[in-house]
1. Yes or no: the stretch 7-19 includes at least one residue that is modelled with pLDDT under 95, part of a loop (DSSP other than H, G, I, E, B) and more than 24 Å from L197 (Cα to Cα).
2. Checking C237 against (1) at pLDDT below 85; (2) surrounded by fewer than 14 Cβ atoms within 10 Å (Cβ to Cβ); (3) more than 30 Å from W21 (Cα to Cα), which single condition isn't satisfied?
3. Within the stretch 119-146, which residues are of a type in the set (D, E, K, R) and either within 16 Å of the ligand (Cβ to nearest atom) or modelled with pLDDT under 95 (or both)?
4. Determine which member of the set W220, W202 is at pLDDT 75 or above, more than 16 Å from the ligand (Cβ to nearest atom) and under 21 Å from the mean Cα position of the chain (by Cα).
5. Specify the residue that is nearest to H93 (Cα to Cα); the eligible residues are those in the stretch 58-75 that are in contact with a helix residue (DSSP H, G or I) (Cβ under 8 Å, 6 or more places away or on another chain) and in a loop (DSSP other than H, G, I, E, B).
6. For the list (1) free of Cβ contacts under 8 Å to residues at least 40 places away in the same chain; (2) more than 16 Å from the ligand (Cβ to nearest atom), I need the number of the one condition that N31 fails.
7. Restricting the search to the stretch 76-111, which residues are in contact with a His (Cβ under 9 Å, 6 or more places away or on another chain), part of a loop (DSSP other than H, G, I, E, B) and buried (at least 20 other Cβ atoms within 10 Å of the Cβ)?
8. Consider R18 carefully, then state whether it is in contact with an Asp or Glu (Cβ under 6 Å, 6 or more places away or on another chain) and among the charged types (D, E, K, R).
Amino acid sequence: MSWQIHILANGRFSIRFRTQWGGDLLPSMENIPSSIFLAYSASGLVLVDTGFDPEDVGGHGSFAAQKRTESLEELLKSLGLVPEDVGDVIMTHLHWDHTAGMRLFPHARFHVQADAFRAFLCLKPNEETYYRPQHWLPLLDRMVLIEGDKEIVPGIRVRRTGGHCAGHQVVLVETEEGTLALAGDLPFDYSGLWSSLPADFWEDYRRCKGEKTGWSDEQWKRLRAFMKKNKLMDAPCGTREVSFSRLRRGCARILLTHDPGPFILTVKSGNSRPDSGKGSRRMLP
Ligand SMILES: [Zn+2]
């Protein structure tokens, strides 16, 4: 089965590590492009990730730029689709900039690594702010939990990588020119943020912008009940298994969620080298 890919440009955002008094504790991450991917073939559609909410980019001074035409609803409409057409959504991971559109899909199954949930048992305190449980807690009954590598449909499979966060997975798509990897945020490393910024910065970060980045007791309770029901609390998270450089060796082409690129591109040729990443670990969302 041969698939093609639409790259759906979802807008850009800038993140600042600013205190409530206005000082920047780290250099900001400016104008980060963000994409959603839609794989299509004669046999169907598979969406990979669902983008971010431009009204909810955490931190003082952080902001997003998303044109109306860059919202997920409008991007689908531009392809002649409605959310009801989408039956399978693969989540590379559950960070806030990938989950905002999950609520749009009334019939979809969400394919997520079980480790993406186990990760909630061992988050560093600042890592709570990387998630918006309100995006997906109402959808828990449609989560398809994956342990490791799995074929989702013929020609599309996921590979658990870990790395960017526990339970991160990449999507390997068979195209006419070879295997294309939709690699999410695999090369980007957040692990230094907790030690780079003081704990009171993160306390303030949670509270700013209407406390959207804080978890309520009710949300934790609901999540724990889901994890208990699915026996996710009985085993630890998997360790890192696949590096970005190792992934690159096996693929004709790699697309990252935050690659700069054209708004919509139909990938017909898969033999070009990826133009970003370079195998290094960088810090980006
Ligand atoms: Zn991201």
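1. No, the stretch 7-19 has no match at all.
2. (2)
3. K124, E127, E128, R132
4. Details: W202 fails: under 21 Å from the mean Cα position of the chain (by Cα).
After applying the criteria, what remains is W220.
5. G58
6. With (1) free of Cβ contacts under 8 Å to residues at least 40 places away in the same chain; (2) more than 16 Å from the ligand (Cβ to nearest atom) applied to N31, the lone miss is (2).
7. V86, M91, T92, H93, L94, H95, A100, G101
8. Working: in contact with an Asp or Glu (Cβ under 6 Å, 6 or more places away or on another chain): yes; among the charged types (D, E, K, R): yes.
Criteria met by R18.
The values are calculated or read from the model by the stated rules, or taken from the named source; none is laboratory data. These numbers come from a predicted model, not from an experiment. With ideal geometry, Cβ positions are generated from the backbone for all residues, glycine too; neighbour counts draw on all protein chains shown.
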